[in-house]
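Structure record follows, encoded as structure tokens.
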Amino acid sequence: MKKSTTIDYNALVKADRIHGSVYTDPQIYEEEIDTIFHRGWVYVGHESEIPNPGDFRATTIGRQPVIMVRDDAGQVHLLLNRCTHRANAVCQVERGNTSKFRCAYHGWTFRTNGELASVTYQDRYDASFRKEDYGLRQVPRVDSYRGLIFGSLSPVGISLDEHLGQPAKEQIDLFIDLSPVGELDVTAGVHKYGYRANWKFQVENSMDGYHPNFVHQTFFSNIQHRTGVKLTAMFNSDSIAVTRDLGNGHVMLDYRPYNRVKASGLRAATMPTPWGQAYQEAMVAKHGAERAKEVLTAGGTHMLIFPNLVMLGVQIRVIRPIAIDQTEVFLYPALLKGVPEEVNSARLRAHEAFYGPAGGGATDDLEMFERNQLGLSAQLDPWLLLSRGIGKEQQDTDGTFTGQATDELNQRAIWRQWKKVMLQGAGGATRRVNTGARRHAQ
């Protein structure tokens, strides 16, 4: 995207606050899509969604439509969903199995590896026309980790391994190693929802330990009434759970300190049942007693992989910006391969209890996002404060930084990465935004 000026991002993102225009300025949104989603690594899908040759799923990277497909040789491709003749989309359905993609406009047909297979009435093209030059365009860089597929529309940049970093990969391992065979099944279905507000509200909220006791008060009260479990203890200023900055904008709500205290109760929840006993024995056989205890106590993870992937409890959450004030979110329950059926049934019921049309909590957050977008219309003081816990962070032995569960460490880490990436994509003259009169930390 060509532009004669760029935003002064240093003026908008400070150590302890951000300017409201980062959610409302159309130029900032356009630059986000170009810089973050069209240049960096973006989560696209999971290998289990396309297990067989010819399986495909249509999705997007930023605003660009792509097809995640497994070809006849079993190789995974990310193909741009655009005919190389006159730009017609060649795939019209969300998922399925096919031997080819055929453009309905003029009949050009493409193999599942993207190659152009046939051209109608090819005799009317001259000798310079070569079918091998007109295959569906491939996403320049495709890589995966533990079955999670990422794509980058830029042919150059850091590797996926560098983007993820070791701390985030360790959290992915904890999420997937709940399976005794180390594999997920992401084919149970999907919950889809949208909201009329900026995409970053969902990103921030997913890693926010300050809001649950207020936004989800009714849900927590119902859980306590039915089970006696007091979830509010996880999200108050006395909680021993922590926020954790994993680097590169990846952050998490780390419940492991809390779970370790409750570990005996967690194990007791499944041990009395035959399937619970079988599951734990399978975990020990696969991982060894010590690693099995570590994985089961962690219970997965609660992590953001910047910019669009959330691995949370029993789900994979994908955030898709549609417009500056419109967002779509896709929730994929992540089932575990190699476990008793009852384990996955319990995971699905836990997912359904909070999310989806009959869930007790997810709609609370959507209401908050839209109230945020409305509140941003009041611009006398344009700043949003993110100073909770600032200066109290501690560095762990693995190099990550932690704060208390209700601290805004995660939000500050997300915004630091956002600013870093946006500054790397900026060039040319600077357009300053009116930052208002409130004093703020540099």
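The values are calculated or read from the model by the stated rules, or taken from the named source; none is laboratory data. Predicted, not measured: the structure shown is a model, and the values here were computed from it. Here the Cβ positions follow ideal geometry from the backbone for every residue, glycine too, while neighbour counts run over all protein chains shown.
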Given the structure, is Ala117 on the phi < 0 side of the Ramachandran plot, assigned to a helix (DSSP H, G or I) and of a type outside the set (D, E, K, R)?
no
Quickly run through the range 118-139 and pick out the residues that are within 28 Å of Gly74 (Cβ to Cβ) and touching a Gly at 6+ places or on another chain (Cβ under 9 Å).
Ser118, Val119, Gly135, Leu136, Arg137, Gln138, Val139
Please pick out the residue among Gly107, Gly20, Gly62 that is of a type in the set (Gly, Ala, Ser), more than 30 Å from Arg146 (Cα to Cα) and surrounded by 18 or more Cβ atoms within 10 Å (Cβ to Cβ).
Gly20
Does Ser118 fit the bill of being closer than 30 Å to His351 by Cβ, polar (S, T, N, Q) and at pLDDT 95 or above?
no
Candidates Asn88, Asn52 - the one that is within 27 Å of Met311 (Cβ to Cβ) and of a type outside the set (A, V, I, L, M)
Asn52
Looking for something of a type in the set (Asp, Glu) and assigned to a helix (DSSP H, G or I) - is there at least one such residue anywhere in the range 291-304?
yes
When residues of the range 332-376 are filtered for being in contact with a Phe, Trp or Tyr (Cβ under 9 Å, 6 or more places away or on another chain) and hydroxyl-bearing (Ser, Thr, Tyr), how many remain?
2
Test Pro307 against the stated conditions and say whether it is under 18 Å from Val44 (Cβ atoms), assigned by TED's automatic domain parsing to the domain that holds Ser206, part of a loop (DSSP other than H, G, I, E, B) and within 13 Å of the chain's Cα centre (by Cα).
yes
Does the range 88-102 contain any residue that is under 24 Å from the mean Cα position of the chain (by Cα), of a type in the set (A, V, I, L, M) and buried (at least 22 other Cβ atoms within 10 Å of the Cβ)?
no
Extreme residue, modelled with the lowest pLDDT, among residues of the range 273-321 that are on the phi > 0 side of the Ramachandran plot and surrounded by 16 or more Cβ atoms within 10 Å (Cβ to Cβ):
Gly313
Quick one: in the range 367-377, of everything that is among the hydrophobic types (A, V, I, L, M, F, W, C) and in contact with a helix residue (DSSP H, G or I) (Cβ under 9 Å, 6 or more places away or on another chain), which residue is nearest to Tyr195 (Cα to Cα)?
Phe369
Tell me, yes or no, whether the range 196-206 has at least one residue that is crowded, with 19+ Cβ neighbours inside 10 Å and aromatic (Phe, Trp, Tyr).
yes
Wholly within the range 4-56, which strands (runs of 3 or more DSSP E) include no fewer than the required count, namely at least 1 residues that are at pLDDT below 95?
5-7
Is there a residue in the range 104-117 that is among the hydroxyl-bearing types (Ser, Thr, Tyr), closer than 28 Å to Phe330 by Cα and outside the structural domain of Val318 (by TED's automatic domain parsing)?
yes
Would you check which residues across the range 389-423 are β-branched (Val, Ile, Thr) and within 17 Å of Ala168 (Cβ to Cβ) and list them?
Thr397, Thr400, Thr402, Ile414, Val421
Taking interchain pairs and intrachain pairs at least six residues apart, which have beta carbon atoms under 6 angstrom, with the first residue in the range 209-233 and polar (S, T, N, Q) and the second outside any helix (DSSP H, G or I)?
Gln224/Lys230
